[in-house]
Each structure stands twice: as C-alpha cells, then as structure tokens.
1. Quick check on the range 194-217: of everything there that is open to solvent by 50 Å² or more (accessible area, probe 1.4 Å) and over 13 Å from THR155 (Cβ atoms), which residue is modelled with the lowest pLDDT?
2. Could you please let me know if ALA219 is touching a Phe, Trp or Tyr at 6+ places or on another chain (Cβ under 8 Å) and in contact (Cβ under 8 Å) with a residue 60 or more places away in the chain?
3. Scan the range 413-424 residue by residue and report those that are within 23 Å of the chain's Cα centre (by Cα) and either open to solvent by 10 Å² or more (accessible area, probe 1.4 Å) or at pLDDT below 95 (or both).
4. Being open to solvent by less than 10 Å² (accessible area, probe 1.4 Å) and modelled with pLDDT under 95, is that true of even one residue in the range 336-346?
5. Can you report the number of residues in the range 107-140 which are among the small types (Gly, Ala, Ser), within 17 Å of the chain's Cα centre (by Cα) and over 22 Å from THR93 (Cβ atoms)?
6. Would the range 287-297 turn up any residue that is modelled with pLDDT under 95, of a type in the set (D, E, K, R), at negative phi and not in a helix (DSSP H, G or I)?
Amino acid sequence: MKKWKSKLMLVMGFALIAATPPARSQNNSELQGNYAFSFTGMTTGDGSASTPFGAVGRFTADGAGNLTNGELDSNGLGISLGGVEKAVALAFTGTYSIGADNRGVMNLNIPGGGTLAFAMLSNGNAKFVEVDASGNHGTVGSGTMEKVDASAFNTARITGDYAFGLSGQDQSNNHTAIVGRFSANGMGLLSNGAADENMSGRFSTMNLFAGTYMVTDTATGRGVLNLAPVIGGSLQNLNFVFYVVKGGKIFMMESDAVSPATPLLLGSLLQQQTPLGGFTNASLNGGMVMYFTGVRACTGGGLIAANGIGGLTLILDQGCIWGGSANDNSGTYVVAPDGRTDIRYLTNYATAYLVSANEAFLIAPDSAGGTSATSGFGEPQAAGPLTNSSVQGKYVGYTMNPASLYQTIFSGVFTADGASPTGTLTGTEDISAPIGARLGVATTTTYSSISSNGIGSISGSFGATGNFPPDPYNFPGTICVISPSKFIVLSSGNISGSGPIVYPVLLIFEQ
C-alpha cells in the first residue's frame, strides 16, 4: 500500500488506491452470510525493501453486493490513522461484485479506500489478494475469507485441545515461526502448553506454558489471547487479537507493537481431534502432503509416507525443511500423547503438532546457521492411485502467504482437463505486485506424468513475481496431488549460479 502524506488516511494492507477492475456480470449471491478473514502482506516504498503488515477481521455479505457489520484489526509498520500505527476494531462497510467465473472485486469503505480481488471456492469461502499497489509503493499480500458460525462467538465455545501455527517478521524482516498446542478450559484459561519456535534461526522448544483468552465481543466474534513468557523461549509476553471462525477454528494476529522481541505473527488455531487416550504413532499412517514458507529462498512442499509404527519415507522434498534432500529415503518419527511429533530424516529434524490423523502444523530448525524459520502445514493425502485424471474440473488457485516481495501473489480461477499423459490447466488470474495490479490475466500450463503417488511435472507460467525476474514466472516445476479437490504446485527457483535470481514459488489449488 502507498505511504500517504496525509495522516488522516488509513495506510493499511487492505487497500488504498482502487485498481480499475474489468467489467463483471453479477453473481453476487455466491458471497452471502457472515465471514471472518485473515490477511498477510508486505508494505514497500520502493519495490525492493518491505516491512510486514497483517490484518484480521469480519464482515457480513448480503448476497446482493453489499458489506455490513465490518470490523478489522491491523498491525505493521509505516501505517497511520491520525498518527496511530494500527487499527483496532475499525468498523467498515463496503461493496462487491462477482462475475460469472466466480472472480470478484471488493471495495471497502475505510479511510483512504480499499480494493481486493478474490475468487470463490465451492464451499462459499474465498481467497483474495490486495490490488492497490502501484509504482513500487503500497502493500502486496494475500488472504482468506471463511464463513463463520456466529453461535461460537463466546468464550465457552473455545474449549478442549488446540494446535496452532504462527509466522511473521519483525521490522527488519527477520522471520519467526511458532507452532504448538494447548488446552482451553472454556472459561478463559490456557494450560498444558507446548510449542517449538524458530526466531530467525534460533530454535527452541517450550513446554508447560499457560495463557489466557476471552471473546470480548459476542456480536463480532472478536477476542484477545495472551501467551505469557515461557522457559526456553526467545520471545517476550505475546498478545493477540483473534476472530472466531467456528468453535474449532480461529484467525489470530499479534497485536503488540512490532519489534525484534515481538515480530508480527499471524496464523490460525485449530481444535485437535485427540483420540481416546491421546495421539500415538498410529496417528501418522499413510501419506501427508506438506507445504511451507520461510524467507525468500525457503518456500516449497513435500510428501512423506508414514507406516503407523514410527517409520517414514520421504517421497518428495522440494524446499527447506530437509534441504531439498534426495527422495525415497527412510526416517523415523515419535508421536507424543499431546500430538507433538518428533520427525528425523538422515541428519535433519522437524517437529509437527497434530491436529488429527496425518494433519499437522510443522516447523524445522535451520541448517548451517540459516535464518529461514520455515514452517507450514501438512494434510492427509487421499488414497491412491492419484494420476493425471485426478486433476480435473474447476479450481481456485492462489499464493500461500508470501514471505517476500519476490514471490508470485495472485488469486484466480482455473479449469483442468485431466487428460493423460499431458493435461492442460487454463485460468484467469488477478495479480498483486509492487509495480501495480494486473486483473484478468489469462494463463495456460500443462501437467504430465502424475504417478500413483500424486507427484508429476508442470510447466507454463503463473502470474508475476515483483520486480525480478521479469514476469510471467516460468516453470518447470512439480505438482503434488493431495486429493482430486486439492493440489499444490512447487518450483525450486534459482537463487545461485548463473541466470536471473528466481525465488521459489508455492501455489495451492482447491475446489
């Protein structure tokens, strides 16, 4: 977003100068009801350097193009509302328009104005990007809007065991990630906490921490959560604002002023489906597709296959958690009753906190003194075979929360034909970049040779990656199928050697 001269304008990651969208026919009933949202972005003044920005909030869509009951909290650097660096429970209204292809544009009535481009999923949720940066000034980023259960807007509904994943950056873009779990008693107290933290390369494990939480507004689902200092951790007392999605899911953002000790962390809280007697090694049994982000060079994914008794095989690793190691090598894992999982592969290590069987938040230490602070999420892979024909139908494609200005940032709609041995994926993208938004960009890629484990090749182009390399971003890359309704696309990038610098890209496609 732009750095505005007037302190009366809200310079926030949602928007500031409206892009002019293409004409769209009306399909507004696709967005209807109460929604919560989460947004992660970066604000730049020159297109090469950035500072972190984030926002969480909620709104009501009437199905006819109007937003009411909007409320948001934002945090970051270089933003101003009468000299105040962040918005707290800011009320807003707005309008939106959805085309026949289920791509939409949303305008928020906030100080300074605001425009988002979004794409609707089949379940009524949406993925979006901010489209107001121009001339290398402004904020680029992506987020999600999800339907909420308003009956869960009270402290008592937040009860039981929860796992969480948080990541973000400080004012110098040093990256931090935390994944963990705790128990909530439904009365505002958190206990039995455990977490692993990577603070710009400093990895630590924290056990038996406590905290507090409260839904402070039962009309909007807004609440606050505090994690007290813990033995062994690098961070200070952390305060968060959150918005309830449902009893088992919450969007949360750190509300402390951004500093080296309190980086801007965003993420989600998911209720653990803890088996009777606790998690065991049998809770990992089958394929788990992982996707993760760190700083610029550490974005990717992978696939592990666990045998349910403590052994695993790394089938694909394209990213930083295990250093891009060779495929088809064996490792081990141990699952604790609270879901914390110790994963070992060759000389490498990672930690997972299970949400349910084969589903987890993940984090890893950095190797060789790195500072990537890589973290992400793993999902259970559907039973195979998963081949070219598994990738068929209409999908929404989008960028996972970007950790750099140089990563592709877009949302869009795509159609896959499922053909073998080579399938075609055609789509229309809305692209966010510091140089300016590009709406309605057509793209075509091909995917081929997807084997029974869901892994294949993909080539073509997706979106823009900022100022370099020149867009469009050209693959080849890897496609990894989670299920017929969801797959990820990975590229390894080129961050050393000859040729232009190309940072890795992680794209997610789901129906």
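1. Out of the qualifying residues, it is LEU208.
2. So ALA219 passes the test.
3. Residues satisfying the conditions are VAL413, THR415.
4. Looking for residues that are open to solvent by less than 10 Å² (accessible area, probe 1.4 Å) and modelled with pLDDT under 95, one finds at least one in the range 336-346, hence yes.
5. Adding up the residues that qualify gives 1.
6. yes
For (1) closer than 16 Å to PRO111 by Cα; (2) at pLDDT 95 or above, each residue gets a yes or a no:
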site	(1), (2)
TRP4	yes, no
VAL11	yes, no
THR20	no, no
ALA36	no, yes
LEU72	yes, no
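Yes or no, residue by residue, for (1) surrounded by fewer than 21 Cβ atoms within 10 Å (Cβ to Cβ); (2) free of Cβ contacts under 8 Å to residues at least 40 places away in the same chain:
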site	(1), (2)
GLY138	no, no
MET145	no, no
ALA152	yes, no
ASP161	yes, no
SER167	no, no
GLN171	yes, no
ALA177	no, no
SER183	yes, yes
ASN192	yes, no
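The values are calculated or read from the model by the stated rules, or taken from the named source; none is laboratory data. This is a predicted model, so every value here is computed, not measured. Cβ coordinates were reconstructed from backbone atoms using ideal geometry, including for glycine residues, and neighbour counts include every protein chain displayed. Protein only, heavy atoms only, side chains kept; ligands, DNA and RNA dropped before computing areas. Shrake-Rupley method; radii C 1.70, N 1.55, O 1.52, S 1.80 Å.
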